[in-house]
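Values quoted throughout were computed directly from the atomic coordinates according to the rules given, and no laboratory measurement underlies them. Predicted model, so just to flag it, every value in this text is computed and none were measured. Every residue, glycine as well, gets a Cβ built from its backbone with ideal geometry; the counts of neighbours run over all protein chains shown.
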């Protein structure tokens, strides 16, 4: 009975161990990439791909074994020089960058393909199992330049329109100067009218004297216009408004109706006597 129990326990342990290895082999995979597979309009500067795997690959053995497991092909199918960087801070992060130090220059509006070998291993020795590919296309520089130029023209055109509109509004607000009369030329006027220079000068003198009299009459009329009269005593014009010559009494007795009437009579007498003296 004890032997049967022991055999059963050992069998269970072996099954669990085998299951763990199976899960470990199937758990290593490519999780995401940037650019994504099939993405277009990617940057030409620092051309490369950011890869995220499910397991870490930052051990010395794994980085050494995986150094040649990443390949980027250009549109003609030729391999380009790359740099492979393994992150020791973020689990499973790998950067595959085009090596511009070796003379690589990305092409405009061109398709590139990254191939990750199925022999890629993680820190535990698990392999990827199958090749992974990420295809991406760089942006069209010519189209981008045309769009940028169009945006610049639209922007500068808008600025010019706004500037002209502001200038026109400013000119409309500013008062326009009256046109100045041209200086009198007796010789030209004599030639135009067929009169003698003396006659032309005499007529111009009469005209100037008439204009001077007109301006003088206008100035005199403006000076004779009545000025606004300053009202000093509202009680003279309004019936219900009374001019108080002294402050109101403080005590309740002095503020009675009889006291106020008496005060009013005294003020009226004083006002009449003052007017009589003025006459």
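Using the Cβ-Cβ distance between residue 105 and residue 159 with R0 set to 41 Å, the FRET efficiency works out to roughly 0.65. In terms of the mean number of neighbouring beta-carbon atoms within 10 Å, the peptides 193-206, 46-59, 120-133 order highest first as 46-59, 120-133, 193-206.
Between residue 149 and residue 207, the simple label model (points 7 Å from Cα in the Cβ direction) yields a spacing of 6.1 nm.
Output the peptides 62-69, 166-173 sorted from most to least packed, where packing is the average of other Cβ atoms within 10 Å over each peptide's residues. Mind showing how you got there, number by number?
On the way: 62-69: 14.9, 166-173: 9.1.
Result, highest mean Cβ count within 10 Å first: 62-69, 166-173.
Set the Förster distance to 45 Å, then compute FRET efficiency between residue 79 and residue 170 from the Cβ-Cβ distance, nearest 0.05. Display every interim value, and only then the final one.
On the way: r = 65 Å, r/R0 = 1.46.
Step by step, r from the Cβ atoms, then E = 0.10.
Among 156, 70, 104, which comes first, second and so on when ranked by fewest other beta-carbon atoms within 10 Å?
Starting with the residue having the fewest Cβ neighbours, the order is 156, 104, 70.
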